[in-house]
Amino acid sequence: MATEKITLANGQKILTLKELLRPGLRAVFVGLNPSQVSVSLGHYWQGRHGIRRWALLREFGVTPPLPPGAEDDAAFDLGFGFCDLVRRPSRTSKELNNEELQAAAVDLLFRLSVTGDHPLIVFTYMKARKCAERHVSESGYRIHQMPGPYAPSKKVHAMMEQLQKLLSSDLPTSE
């Protein structure tokens, strides 16, 4: 299982997903925070919205078919990293407070520094992007947004085709 115990700024100890970050990644998928389902299973994107994301990546050729329930580990071997803006799991994003979100935006850059370079940052939720975009882009990262779970089909196709292009481009990933 890819979980770890961490201590939050308020001293609370929690079980959360272990971040899948290392040098040489093509892209890092950044979620808002882990779902309790994902933490209990020890893998990213195991809830209903996450399963849909795996299907999109497969459908648009970003990844090949991956082993169900351990897609993140297989994708990590292919050069895709995973982390969340806020590390604390919750049932819904409404449980996150503004102070927590603001602090997480700065903390995200520190956590991304372990990559040693500037992989493409792919936000999986607009709320995460809105909180962290300024910090991330000012630090030289390229940014992309995955479609939301209820996005219209035309928008899904456009956003996923753009992701395909960004990942297949020979653009440098660092300044």
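Is one or more of the residues making up the range 41-51 under 21 Å from K5 (Cβ atoms), in a helix (DSSP H, G or I), within 14 Å of the chain's Cα centre (by Cα) and of a type in the set (S, T, N, Q)?
Checked the range 41-51: no residue is under 21 Å from K5 (Cβ atoms), in a helix (DSSP H, G or I), within 14 Å of the chain's Cα centre (by Cα) and of a type in the set (S, T, N, Q).
Checking the condition closer than 16 Å to S90 by Cβ, in contact with a Phe, Trp or Tyr (Cβ under 7 Å, 6 or more places away or on another chain) and either touching a residue at least 12 places away in the same chain (Cβ under 8 Å) or surrounded by fewer than 19 Cβ atoms within 10 Å (Cβ to Cβ) (or both), which residue from L8, L17 passes?
L17
Does S113 meet the test of being open to solvent by 20 Å² or more (accessible area, probe 1.4 Å) and either modelled with pLDDT of 90 or more or among the hydroxyl-bearing types (S, T, Y) (or both)?
yes
Just checking, does the range 32-51 include any residue being crowded, with 18+ Cβ neighbours inside 10 Å and under 20 Å from L166 (Cα atoms)?
Scanning the range 32-51 turns up no residue that is crowded, with 18+ Cβ neighbours inside 10 Å and under 20 Å from L166 (Cα atoms).
Which of the following residues is in contact with a His (Cβ under 9 Å, 6 or more places away or on another chain), within 30 Å of E138 (Cβ to Cβ) and open to solvent by less than 20 Å² (accessible area, probe 1.4 Å): D84, D72?
D72
Can you tell me how many residues in the range 60-107 are at pLDDT below 95 and in a helix (DSSP H, G or I)?
The qualifying residues number 13.
Between a first residue in the range 148-165 that is farther than 21 Å from L32 by Cβ and a second residue that is surrounded by fewer than 14 Cβ atoms within 10 Å (Cβ to Cβ) and of a type outside the set (A, V, I, L, M), which pairs have beta carbons less than 9 Å apart while being 6 or more apart in sequence or on different chains?
Matching pairs, first to second residue: Q164/G61.
When the range 1-23 is examined, which residues are found to be modelled with pLDDT under 95 and in a loop (DSSP other than H, G, I, E, B)?
Passing the criteria: M1, A2, L8, A9, N10, G11, Q12.
Output the residues belonging to the range 6-25 that are over 18 Å from the mean Cα position of the chain (by Cα) and among the basic types (K, R).
The answer is K13, and nothing else.
Answer with yes or no whether R134 is out of contact with any Phe, Trp or Tyr (no Cβ under 9 Å at 6 or more places or on another chain), within 18 Å of T16 (Cα to Cα) and of a type in the set (D, E, K, R).
Answer is no for this residue.
Kindly provide the set of residues from the range 149-172 that are open to solvent by 40 Å² or more (accessible area, probe 1.4 Å) and in contact with a helix residue (DSSP H, G or I) (Cβ under 8 Å, 6 or more places away or on another chain), ordered by number.
P149
The values are calculated or read from the model by the stated rules, or taken from the named source; none is laboratory data. The shown structure was predicted, so the numbers you read here are calculated from the model rather than taken from an experiment. With ideal geometry, Cβ positions are generated from the backbone for all residues, glycine too; neighbour counts draw on all protein chains shown. Keep in mind that these areas ignore ligands, DNA and RNA; they rest on the heavy atoms of the full protein, side chains included. Shrake-Rupley method; radii C 1.70, N 1.55, O 1.52, S 1.80 Å.
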